[in-house]
Amino acid sequence: MANSATRIAARESCLALVALIALSACTPPQIPTEALKWSLESAEIRTLQTRRFQTTDEEKLLTAGAAILQEMGFIIDAREPKLGVLVGSKRQPLDSLGEKATSIAVAVLTRQVGLPYGMPVSKEQLIKAALVTRPGENKKETIVRVTFQRVVWNTEDKISRSELLQPAELYRAFFVRLAEAVSLEAREF
């Protein structure tokens with residue numbers, strides 16, 4: 001009898017432990033509060049990527065934006081004028097002298113050590129551009145935002161880096177060309 005009571009108590013303890021583990025798995029993950037705060041840097045980047053145009057013709061801005069991206073070597077992957085969205089991309093080999101030097105150095109070092117395979121190094125990149133238009137607050141202007149990102153693959157065809165391109169000159173040059181194409185002034189957001 002005591003043996004049976006011990007088994008029942010052990011079963012109940014196990015069930016309670018399983019229930020506790022199951023309930024703890026249902027607890028939502030805690031998001032750090034700093035992850036939800038806007039940083040000064042993100043506001044600066046957004047300002048860099050955004051301009052106001054004194055027109056309500058979003059289609060004209062999208063068409064000019066598509067032409068500029070194509071001149072820059074992008075292929076237009078998606079375009080939805082009703083939503084004010086344009087997406088383009090271009091694949092290209094890495095042309096950074098630093099990354100090429102790293103590749104050569106790693107290849108030489110792995111051969112000297114006698115390793116059959118070298119460490120994976122960056123091989124090619126995909127540059128993506130997204131252009132979004134939306135009506136401004138005063139309904140007499142259109143706000144345009146463009147972003148450029150790059151994804152880098154290594155020699156094992158795995159993504160080794162994904163990043164937002166932030167050179168200020170890239171965004172300034174794009175907006176200067178867009179303003180010239182639509183014969184309007186691009187004002188900072």
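Determine whether region 130-152 contains at least one residue that is surrounded by 17 or more Cβ atoms within 10 Å (Cβ to Cβ) and over 29 Å from Ala64 (Cβ atoms). There is at least one residue in region 130-152 that is surrounded by 17 or more Cβ atoms within 10 Å (Cβ to Cβ) and over 29 Å from Ala64 (Cβ atoms). Out of everything in region 156-170 that is touching a strand residue (DSSP E or B) at 6+ places or on another chain (Cβ under 6 Å) and touching a residue at least 40 places away in the same chain (Cβ under 8 Å), what residue ends up being surrounded by the most Cβ atoms within 10 Å (Cβ to Cβ)? Among residues in region 156-170 that are touching a strand residue (DSSP E or B) at 6+ places or on another chain (Cβ under 6 Å) and touching a residue at least 40 places away in the same chain (Cβ under 8 Å), the one surrounded by the most Cβ atoms within 10 Å (Cβ to Cβ) is Ser160. The condition of being in a loop (DSSP other than H, G, I, E, B) and more than 13 Å from the chain's Cα centre (by Cα) holds for only one of Glu156, Glu180, that being Glu156. With respect to Gly84, determine if the residue is surrounded by 12 or more Cβ atoms within 10 Å (Cβ to Cβ), in contact with a Lys or Arg (Cβ under 7 Å, 6 or more places away or on another chain) and under 17 Å from Pro135 (Cβ atoms). Spelling it out, Gly84 is indeed surrounded by 12 or more Cβ atoms within 10 Å (Cβ to Cβ), in contact with a Lys or Arg (Cβ under 7 Å, 6 or more places away or on another chain) and under 17 Å from Pro135 (Cβ atoms).
Hey, among the residues in region 141-153 that are without any contact (Cβ under 8 Å) to a residue 60 or more places away in the chain and under 30 Å from Thr55 (Cβ atoms), which one's nearest to the chain's Cα centre (by Cα)? The selected residue is Gln149. Only residues in region 171-185 that are closer than 15 Å to Thr63 by Cβ count as the first member; pair them with residues that are among the acidic types (Asp, Glu), Cβ under 9 angstrom, at least 6 apart or cross-chain, and list the lot. As it stands, the answer is Arg177/Glu71; Ala179/Glu185; Val182/Asp57, since those pairs meet every condition given. Looking at Ala105, Ala67, just one residue is at pLDDT 95 or above and not in a strand (DSSP E or B), and that residue is Ala67.
The values are calculated or read from the model by the stated rules, or taken from the named source; none is laboratory data. Because the structure is predicted, anything quoted here is derived from the model rather than measured. All Cβ positions, even for glycine, are placed from backbone atoms using ideal geometry, and neighbour counts span all protein chains on display.
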